[in-house]
Amino acid sequence: MTITLDNLHLRVGDFELTADFEIAEGHKIALIGPSGGGKSTLLSALAGFTAPVGGRILFGGVDITKLPPAKRPVTLLFQDHNLFPHLSAEQNIGLGLKPNLKLDVAQKQVVQDALARVGLTGHGTKRPAQLSGGQQQRVAIARALLRDKPVLLLDEPFAALGPALKHEMLDLVAEIVEASNTTLLMVTHQPEDAHYLADQTVLIAGGIANAPTSTTALFADPPVALRRYLGE
């Protein structure tokens, strides 16, 4: 499902961001640039939480600019997991299937399969406070899996994790999106994360989200805005 940002213009307070490009289906895209540059704002617009003041957002050629978040073909995973502390891991995951958690036998098995897929077999009855940070991330990823949307948006979900655990999570995400041909957009402040996961990178700086470029090529010959960000 191709994502088209057609002369998109976003405004939040005094901040403005423009974007005018396409993202082909199945790519793993890193969004990188200075803090406050608009990376999270762009994801928020794609997910339907920030309304543009101009331009359009199209998914697969269909204009979804005015669609509410629940009607969009995207899943947005935040840095803070958005897990409900009073619910167990399997209940938090089950929300991805039914918000009222009234699951039938087959759906309950789907939840258990999702737990197994993210390496949490046997942890389903635990609440978030009983899980490590990495395990909580796995629960959030499992819930995202069950939503079965063609576009996955990650807003720095692994920023608080150590290098080894972060790579483990990035590997898991890569495995999932490649198996389902999901399009991935991931906000990161770390060039090494872009190199590790993303085949393309979008540089967001100076109020402009630039068109996706090969990650390897972009960092091999970085433009001025990227060199400034990298401190070169």
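Does anyone have the angle between helix 105-117 and the longest principal axis of the chain? Alpha-carbon axes, 0 to 90°, nearest 10? Tilt relative to the chain: about 60 degrees. Prolate is the label for the chain, because a/c, from the alpha-carbon gyration tensor with a ≥ b ≥ c as root eigenvalues, is 1.5 or above and a/b exceeds b/c. Taken along the Cα-to-beta-carbon direction at a fixed 7 Å, the label points for S180 and A129 span 3.1 nm. Put a dot 7 Å past the Cα of D221, heading toward its Cβ, do the same for A51, and the two dots end up 4.3 nm apart. A full extension of the chain between L87 and R11 corresponds to an added length of 23.7 nm, given 0.36 nm per residue minus the alpha carbon distance. Tell me whether the stretch 111-182 comes out rounded, prolate or oblate; compute the Cα gyration tensor, take square roots of the eigenvalues as a ≥ b ≥ c, and use a/c under 1.5 as the rounded threshold. Verdict is oblate for the stretch 111-182. Quantify, in whole percent, the carbon and sulfur part of the accessible surface of the chain (1.4 Å probe; protein heavy atoms only). The C+S portion of the solvent-accessible surface of the chain is 51 percent.
Taking the helices alone, the chain has a mean residue ellipticity at 222 nm of -10500 deg cm²/dmol, built from -39,500 (n - 2.57) per DSSP H run of at least 4 residues and averaged over all its residues. The DSSP beta bridges internal to the chain are antiparallel in roughly 50% of cases. Relative protection proxy for 19-32, 208-221, from highest mean packing down: 19-32, 208-221 (other beta-carbon atoms within 10 angstrom). So the label point goes 7 Å from the Cα of K108 along Cα→C-beta, right? Which residues of the stretch 69-100 then have their backbone N under 20 Å from it? Only 87-100 pass the distance filter.
Based on protein heavy atoms only, the stretch 127-232 ends up with 44 Å² per residue of surface accessible to a 1.4 Å probe. Classification of the stretch 1-103 by its C-alpha gyration tensor yields a prolate form. The axis ratio a/c (a ≥ b ≥ c) is 1.5 or more, and a/b outweighs b/c. The residues of the stretch 47-117 have, on average, 56 Å² of accessible surface per residue, using a 1.4 Å probe with all protein chains present.
The values are calculated or read from the model by the stated rules, or taken from the named source; none is laboratory data. Computed from a predicted model, the values in this text were never measured in an experiment. Cβ atoms come from the backbone with ideal geometry, glycine included; neighbour counts cover every protein chain shown. Calculation scope for accessible area: heavy atoms of the full protein, side chains included, ligands and nucleic acids excluded. Shrake-Rupley method; radii C 1.70, N 1.55, O 1.52, S 1.80 Å.
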